[in-house]
Amino acid sequence: MSNLFGTSLDPFTLTVFAALFVMSFMVVTVSFFKLFQFSRLGVGRRSGAEQILNTWLAGQVESATQSASARNSVLSRILHAVFTGMQARPGETAYAEELGRQTAISELATLTDRLRMLDLVVQAAPMLGLLGTVIGMIDAFSVLSLSQGAADPSALAGGIWVALTTTAVGLAVALVAYFIASWFEARIERERNLIEVLISAAIHGRVDQGKTVKG
């Protein structure tokens, strides 16, 4: 395989480029998987959960439980667990809260699944780029040491090209993976905060305009 200067790439450099390509493919694959998963699990569907909670706090227990039983979002599944605990053991709020938190832990564990792969790319891609830089510079200095008299600039260009390109590609892959991972983590953190609020509101009531609203 030849670069744009027409010089052949050594096997080590080809390995670096191949690894960076695999990592970029991994980022794309994980990103689409997480987008599909978030949509399927109902991440961010706050309005529906708010309606269910309002129905519960208004004293319409059966209607709220039936709406939550549809389980079409993360928040509704957690509310259903809390409602089930409240009805199974009336007066034992700790039991209902524990059921809600257990469900929340399970849901959040599913949401964070495979995000570690993006973190791996963020850390490893720049290191691979740096490895390519070192290999390219070694190649350039090797050509320089073997040259008789003045070195031919075109002969050195191949190694320098490899050094710069692998670094740029590694950093680009890492930056894309970082921003994507940060976006997913921000959505998960927002969902975590909503979960805490809904569990507390379903059990202890909700503060609305300075007044405590209880079911």
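The values are calculated or read from the model by the stated rules, or taken from the named source; none is laboratory data. If you're wondering where the values come from, they're calculated on a predicted model, not measured in any experiment. In this analysis, Cβ positions are derived from the backbone assuming ideal geometry, glycine residues included, and neighbour counts consider all displayed protein chains. With ligands, DNA and RNA removed, areas are computed over all heavy atoms of the protein, side chains included. Shrake-Rupley method; radii C 1.70, N 1.55, O 1.52, S 1.80 Å.
How many residues, within segment 54-69, are open to solvent by less than 30 Å² (accessible area, probe 1.4 Å) and among the small types (G, A, S)?
Going through segment 54-69 one residue at a time, the tally reaches 2.
Starting from residues that are free of Cβ contacts under 8 Å to residues at least 40 places away in the same chain, among the hydrophobic types (A, V, I, L, M, F, W, C) and over 23 Å from L111 (Cβ atoms), keep the ones in segment 6-51 and report whichever is most open to solvent (accessible area, probe 1.4 Å).
Among those residues, the one meeting the criterion is F21.
Just checking, how many residues over segment 175-197 are open to solvent by 10 Å² or more (accessible area, probe 1.4 Å) and either touching a His at 6+ places or on another chain (Cβ under 9 Å) or small (G, A, S) (or both)?
Result for segment 175-197: 2.
Quick grid of which residues meet (1) at pLDDT 75 or above; (2) not in a helix (DSSP H, G or I):
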position	(1), (2)
A94	yes, no
T133	yes, no
V143	no, no
G149	no, yes
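Kindly indicate whether V30 is within 18 Å of R187 (Cβ to Cβ), of a type in the set (A, V, I, L, M) and part of a helix (DSSP H, G or I).
Answer is yes for this residue.
Residue check, N72 against (1) loosely packed, with under 13 Cβ neighbours inside 10 Å; (2) of a type outside the set (A, V, I, L, M); (3) not in a helix (DSSP H, G or I), all met but one. Which one?
(1)
Out of L156, L194, which single residue is at pLDDT below 70, part of a helix (DSSP H, G or I) and hydrophobic (A, V, I, L, M, F, W, C)?
L156
From the list Q102, Q60, pick out the single residue that is under 30 Å from E185 (Cα atoms), at pLDDT 90 or above and not β-branched (V, I, T).
Going through Q102, Q60 in turn, the sole match is Q102.
Hey, among the residues in segment 88-129 that are under 17 Å from the mean Cα position of the chain (by Cα) and among the charged types (D, E, K, R), which one's most open to solvent (accessible area, probe 1.4 Å)?
Applying the filter and picking the extreme gives R116.
Considering only segment 105-122, state which residues are within 18 Å of W183 (Cβ to Cβ) and either polar (S, T, N, Q) or at pLDDT below 90 (or both).
Hits for segment 105-122 are T110, T112.
Going by what's in this entry, would V27 be described as modelled with pLDDT of 90 or more and within 30 Å of T167 (Cα to Cα)?
Yes, satisfied.
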